[in-house]
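> Have a look at this one before I ask anything.
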């Protein structure tokens, strides 16, 4: 599934990708101390490649390949109908009354938080027949991109070329925070400066925010995620991976001008489609030094941690139904990431991919060596390699302390946020840790004061395991580890901390946060004490990593410049969890000599379930069994296309030439798991739920006639 | 569950614990490059502590605590009624016609190998109503200990005190092989020299072997392992963890003089019981240097590998029913080890346990320093610490190459055995790698030519994963790794190797094995080529580890000597998967202020299932549901005792003062998971199935009246 990797920890993101909402990716991005974002170019690109900026769409390419002119109104409509789920995915407006469609697995975070011992909405689904029954989410924020403004010159002017990394980093952080604050004050919109082309460009993105979001409809997880982990990232597939929310403003359904018109017609092989969504992260133009780090350190380490968590949570879940409910969304996220990482590592360990990348790099370096005017770029690869070495030395400690892998507990993250808010908020805006910049505080508070339920047993389990991990990795006799454990076993210590903290109480969080530094300093809350204990070390290692990130940014800028010069300009930046446009064809592929068709049907769902004897995870919800006869089994269920997508694109609307919604992205196939590093359209495919199957099942399985009526009321035609 | 940790690999054991059957422990023992076996003493022992040698039972202790005299005939009868399962557990003779009882989870290895796509005996159970229906196992060897002879003097005479480690190791290996060969030639019995008290004693054990073993009865896994992984190592428990085999000789049921008489009477709190079985390994008198290694390296590394395997096999199993069947026994072994290791690491990370151990060591060192006659022992701790450092440097490579963690495939292990057999068999008996000594060849061949089914998909999956692990650990650019992968990805390489090898064919194995060195050398079988490729490196690292093992053995001998002198003689050696006698009381315990009773009943089983809504793994087999009314629900089901047991004791008979069978060991509780390092009878308990529940369910649930009749026919009374 193509949600952005889930926040296993609520730790901060280290300021390195701070244009991303706080909740995102942090665990793995951090666990990984990430690869850089760099520019891809048109030269050498495969045909349907690209996650394009909305202010620089590949008009010529699309005209040439598909004979279509992408117009400004068409683009603006699609942009403003696209929605970012800050919990880690994409979506779209599908009615003028604020109805938003996304994937079930994107909505899962919100669904999970509604549940209690007597209600498992994630598992059983939900349908509000009237607006009065719609359930308000605990902490779901939606963003809609309104405008993009190029602020590259202003950012670059603030960062003088002769600054040392530390000063350069501070200057860049300062000017970005300033631009964001000014923009927010002026427009009232959420304003983020996004780093693109690895420092080649800085764009100011302004978002309209919705924080009153209510659940309208979700099917059972069993049909949304039919086939479970075994069929995840596989194709053919049969998943009704959708759910519906409604955005509210001032207590009433938001009025939305740009919402997508629905088209349930069948798609033909080769037909052009577009995907408008928020790909989370790609690493396509990493240097070899960075790729080797990914292959040798990042991915194995991430998988080690994921395997450990999967076993921990699976064992916990098996103990009772209620345990299973509590851990469900987290466990799904872990399994999803594990399968995705496993595919990625498989790609990295394939000598064919690696030698292709290496040859590409050698070619560019050779070309640079022959051009005097590119002399400035010649050392960039070495600079990155050197920075990567430094990152490598500190990555483990960074991951354990700053990214919180050693303190895997929501309560710990809350404690750290409260602690740091006390210290950061009195500082000048530009000097704060990036997540505390003025323009981000509202979102941070929205999350900090979330009323989501916390489970002491699960908190303890995760914290005990991560304290064990901390002791294993740094050594149980490391002075900081000794202080953290306080002469107790990790289990006993975790029980004390989780049992003793008062941060479970939202009012207490507010009291501390609003009380400020002195009130926080006076608190003896044990979880706060732990956050305080490690904060010096944690900040120090964050500084190191951020400085090297700055060094790499500048070097990548030089490589990008060289690449433009040698291979020609034009292209798209690596993914940044901001809005992008992809395009491609609905298209089957050949595997082991067998033709895999471009779509499945509802009939295929029943065949698959029956071939697996309806054993979990291939069992069907009861109403899908009893209502089979009502369904038109010829309706397309899932389909595939060559569109260039990655984690974060989950829930993206798929539209046709007319801008009509024909489906919703929910996954890629196994062959697409190398897309982080390289696009290929040989066998890699994006998977979507077909619009027809959504309407058919809403009507006939769920008796959700009102919802269908709202969907089909139609949007503006283009 | 207390089976010896399962052979996840069939790799050899590195000669370090070669008294153990080849299949055993190797993965983890090796993954761990083990702790030493050392002597525990009476001084400071807790009351019911001890895994005693049958030729040195704690007569005085038992007389003093329980007022019972352990007589020679009583002991001989129990010894000869006890059976070792070389697949990793214990058992006992329970009829004069060769009937053997063990745990279902010990028999699981054999049950697994009977299955095919249409039969899942492991899951569904089996009952041969007549002898003709009994199913012959593929490769199950049973051993019965007949005599013990002290050969310490002869071994020590061969190993001169001034030899360098390499020569000392060779001399020791040589004289042991010679003693074994002579014994085998003279008696026709399997003959193993067992290293006890870490080189303090060498005893020659002679075993009667049974290799024609047939399955008689097994219940469904669902009742044998009721509660699954969640309830594993928990108490209260409700498991019918038994199965029955029959030993044959010359095609007829073996006639057994020493078999146990059955007693189904209720046990009283405080009642004395004995356990006669084969504890696999304990590490109670490791030095602090070794304990730290266990805590900091061994256990975390083992858990990392176990988590990885658990995820791999769980994901594979979820894909289809047939996959689940194929992987079932291996997956159980992995989960069982994971939970056990997790408990062990929890203990190691508990400062209380560690400081108790450290204080104990300091006390002994101080005492040695004050006695001139113990001067020779003073440096022993430092010697071990130094040897441990060397082991630490080479452990990873040893584990990957020699223990086979980088080549997790039965076919690879077969290839290596064939390759090395060609090289080792022409050598003099005393100079061979220990597993090829004359006295062991019959058992080795029995296993090598096993007709157990091999599944190409599962072999590929495991091999691809372990080649990935190899590349991660040694680095993908390591010269040996490059050669192993041959410019392919791990997945592609594994597919080639498993697809290409002809060693799936038992006849081919025989042809190569019998053809000898030249025939093996001429073979281009790809799996053989891989075994050949790494063999030089693998042997080299094995040499290093074996030499350090010799160094540690000698040093531990000196520590043992000092301990005898300071604390008094008498005691039991650490476990060695050879027959031991434990004793203790049937006894409940107190947990969180609540009294946990000493037994459960059949009624409790139904209560537990119903409280979990009969959801897996708490579902009951159908006949247990339909036949509930027939059962006397007051019959005791499982009971607990203070007997000192560990992995390998699974299936051990539990007898009363009269030597009558009252139960069968199958597990320890969570609190017992530290027993590897330290005995405690505060809350740690051994779990047994009560004899009454076995008879009750055989009669009323399984209609196995004939079997019950055979069981109750009665054995010799003592």
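Rule-based calculations on the coordinates, nothing more; no lab input. Remember, it's a predicted structure, so these values are computed and weren't measured experimentally. Don't worry about glycine lacking a Cβ; one is built from the backbone with ideal geometry, like all the others, and counts go over all protein chains shown.
> Rounded, prolate or oblate: which one fits the stretch A:88-206, using the alpha carbon gyration tensor with axes a ≥ b ≥ c (rounded when a/c is under 1.5, else prolate when a/b beats b/c, else oblate)? Provide the component values of the computation, followed by the final result.
Working: a/c = 3.32, a/b = 2.44, b/c = 1.36.
Because a/c hits 1.5 or more and a/b exceeds b/c, the stretch A:88-206 counts as prolate.
> State whether the stretch B:592-660 is rounded, prolate or oblate according to the following rule on the C-alpha gyration tensor (a ≥ b ≥ c being the square roots of its eigenvalues): a/c under 1.5 gives rounded; otherwise a/b larger than b/c gives prolate, and the remaining case gives oblate. Don't jump to the answer; show the numbers that get you there.
Working: a/c = 1.86, a/b = 1.58, b/c = 1.17.
The shape class here is prolate.
> Taking a label point 7 Å from Cα toward Cβ, how far is residue B:63 from its twins in the other copies, in nm, shortest first?
Once sorted, the set of distances for residue B:63 reads 10.7 nm.
> Right, something else. Would you tell me the mean number of C-beta atoms belonging to other protein chains that fall within 10 Å of each C-beta in A:303-311, as a whole number? Spell out each step's value before the answer.
Working: counts 5, 5, 2, 3, 10, 7, 2, 6, 14.
Average neighbour count from other chains, rounded to a whole number: 6.
> Next up: In the stretch A:392-464, how does Rg compare with the Kirkwood Rh, expressed as the Rg/Rh ratio over alpha carbon atoms? Provide the component values of the computation, followed by the final result.
Values: Rg = 14.2 Å, Rh = 13.8 Å.
For the stretch A:392-464, the value is 1.02.
> Can you tell me the FRET efficiency between residue A:150 and residue A:250 if r is taken as the Cβ-Cβ distance and R0 is 35 Å, rounded to the nearest 0.05? Before the final figure, lay out the partial values.
On the way: r = 33 Å, r/R0 = 0.95.
Result of the calculation: an efficiency of 0.55.
> Could you work out how much longer the chain between residue B:533 and residue B:72 gets when fully extended? Use 0.36 nm per residue separation minus the Cα distance between them, nm to one decimal.
On the way: separation 461, 0.36 × 461 = 165.96 nm, distance 5.39 nm.
Difference between extended and current length: 160.6 nm.
> Sticking with this structure for a sec: Taking Cα centroids, how far is the stretch A:193-214 from the stretch B:612-687 in Å?
Comparing the Cα centres of the stretch A:193-214 and the stretch B:612-687, I get a distance of 60 Å.
> How many nm is it between the label spots at residue A:187 and residue B:614, if each spot is 7 Å from the Cα in line with the beta carbon?
Distance between label points: 6.1 nm.
> Normalised by the number of residues in the stretch A:410-538, what is the relative contact order in percent for Cα pairs under 8 Å and 6+ residues apart?
On the way: 109 pairs, mean separation 50.3, N = 129.
So the answer I get is 39 percent.
> Per residue of B:223-235, what is the mean number of Cβ atoms on other protein chains within 10 angstrom of that residue's Cβ? Don't skip to the answer; put the middle values down first.
Numbers: counts 0, 0, 0, 0, 2, 3, 5, 7, 2, 1, 0, 1, 0.
Averaged over the peptide's residues, the number is 2.
> Post the alpha-carbon centroid distance, the stretch B:490-507 to the stretch A:114-157, in whole angstrom.
51
> Still on this model: What gaps in nm, shortest first, separate residue A:630 from its twins in the other copies when you place the label 7 Å past Cα toward the beta carbon?
Residue A:630 label point versus its equivalents elsewhere: 4.5 nm.
> Using only alpha carbon pairs under 8 Å that are at least six residues apart, calculate the relative contact order of the stretch A:624-687 and give it in whole percent. It would help to have the intermediate numbers written out before the result.
Values: 72 pairs, mean separation 21.6, N = 64.
Across the stretch A:624-687, relative contact order equals 34 percent.
> For residue B:658, project a label point 7 Å along Cα to C-beta. Then give me every residue of the stretch B:46-90 with its amide nitrogen under 19 Å of that point.
Of the residues in the stretch B:46-90, B:67-79, B:81 have backbone N under 19 Å from the label point off residue B:658.
> Order of A:559, B:62 from fewest to most other C-beta atoms within 10 Å?
Details: A:559 26, B:62 20.
So the residues, fewest neighbours to most, are B:62, A:559.
> In terms of the ratio Rg/(2.2 N^0.38 Å) built on C-alpha atoms, what value belongs to the stretch B:562-718?
Values: Rg = 18.6 Å, N = 157, 2.2 N^0.38 = 15.0 Å.
Here the answer is 1.24, to two decimals.
> Report the semi-axes of the equivalent ellipsoid for chain A in whole Å, largest first, where each axis is √(5λ) for an eigenvalue λ of the Cα gyration tensor.
After scaling each eigenvalue by five and taking roots: 36, 33, 25 Å.
> What is the residue of chain A with the smallest Cβ distance to the axis taking A onto B, and what is that distance in whole Å?
A:307, 2
> Label position 7 Å from Cα toward Cβ: report the copy-to-copy distances for residue B:389 in nm, one decimal, ordered from shortest.
In ascending order, 2.7 nm.
> Still on this structure, I have one more. Given a Förster distance of 56 Å, report the FRET efficiency between residue B:591 and residue B:130 from their Cβ-Cβ distance, rounded to the nearest 0.05.
In this case the efficiency is close to 0.75.
> Then there is this: Which value does Rg/Rh take for the protein assembly as shown over its C-alpha atoms, Rh per Kirkwood?
So for the protein assembly as shown, dividing Rg by the Kirkwood Rh gives 0.98.
> Order of B:276, A:385 from fewest to most other C-beta atoms within 10 Å? Provide the component values of the computation, followed by the final result.
Values: B:276 27, A:385 17.
Arranged by neighbour count, lowest to highest, B:276, A:385 become A:385, B:276.
> Continuing with this model, one more query. For a footprinting-style exposure proxy, rank A:184, B:51 by other Cβ within 10 Å, fewest first.
So the residues, fewest neighbours to most, are A:184, B:51.
> How much length is gained if the chain between residue A:506 and residue A:709 is pulled fully straight, taking 0.36 nm per residue apart and subtracting their Cα-Cα distance, in nm to one decimal?
Values: separation 203, 0.36 × 203 = 73.08 nm, distance 3.97 nm.
Working it through step by step, the gained length comes to 69.1 nm.
> Which value in deg cm²/dmol, rounded to the nearest 500, describes the helix-derived mean residue ellipticity at 222 nm for the protein assembly as shown, given -39,500 (n - 2.57) per DSSP H run of n ≥ 4 and division by the residue count?
Numbers: 52 runs with 646 residues, N = 1436.
Computed mean residue ellipticity for the protein assembly as shown: -14000 deg cm²/dmol.
> Okay, moving on. Could you work out the relative contact order of chain B? I mean the mean sequence separation of Cα pairs under 8 Å and 6+ apart, divided by the number of residues, in percent. Please list the in-between numbers first.
Values: 1443 pairs, mean separation 197.1, N = 718.
This gives 27 percent for chain B.
> If you count, for every residue in A:613-622, the Cβ atoms of partner chains within 10 Å of its Cβ, what is the mean? All intermediate terms of the calculation are to be shown ahead of the outcome.
On the way: counts 2, 0, 4, 2, 2, 3, 0, 0, 0, 0.
Mean inter-chain Cβ contacts per residue within 10 Å come to 1.
> On a full-extension model of 0.36 nm per residue, what is the gain between residue B:288 and residue B:626, subtracting their alpha-carbon distance, rounded to one decimal in nm? All intermediate terms of the calculation are to be shown ahead of the outcome.
Details: separation 338, 0.36 × 338 = 121.68 nm, distance 5.54 nm.
Once the chain is fully extended between residue B:288 and residue B:626, it gains 116.1 nm.
> Give me Rg/Rg_expected for the stretch A:410-538, where Rg uses Cα atoms only and Rg_expected = 2.2 N^0.38 Å with N residues. Don't skip to the end; give the middle numbers.
On the way: Rg = 15.1 Å, N = 129, 2.2 N^0.38 = 13.9 Å.
Normalised Rg, Cα atoms only: 1.08.
> Which peptide among A:329-337, B:174-182, B:257-265 comes first, and what is the full order, when sorted by highest mean count of other Cβ atoms within 10 Å? Provide the component values of the computation, followed by the final result.
Working: A:329-337: 23.1, B:174-182: 20.7, B:257-265: 18.8.
Those peptides, ordered most packed to least, come out A:329-337, B:174-182, B:257-265.
> Between residue B:263 and residue A:425, what FRET efficiency follows from the Cβ-Cβ distance if R0 is 60 Å, with the result rounded to 0.05?
Details: r = 75 Å, r/R0 = 1.25.
E between residue B:263 and residue A:425, to the nearest 0.05, is 0.20.
> Then there is this: If you take the square roots of the eigenvalues of the alpha-carbon gyration tensor of the stretch B:148-244 and sort them as a ≥ b ≥ c, do you get rounded (a/c under 1.5), prolate (a/b over b/c) or oblate? Please list the in-between numbers first.
Numbers: a/c = 4.01, a/b = 2.08, b/c = 1.93.
Since a/c reaches 1.5 and a/b is larger than b/c, the shape of the stretch B:148-244 is classed as prolate.
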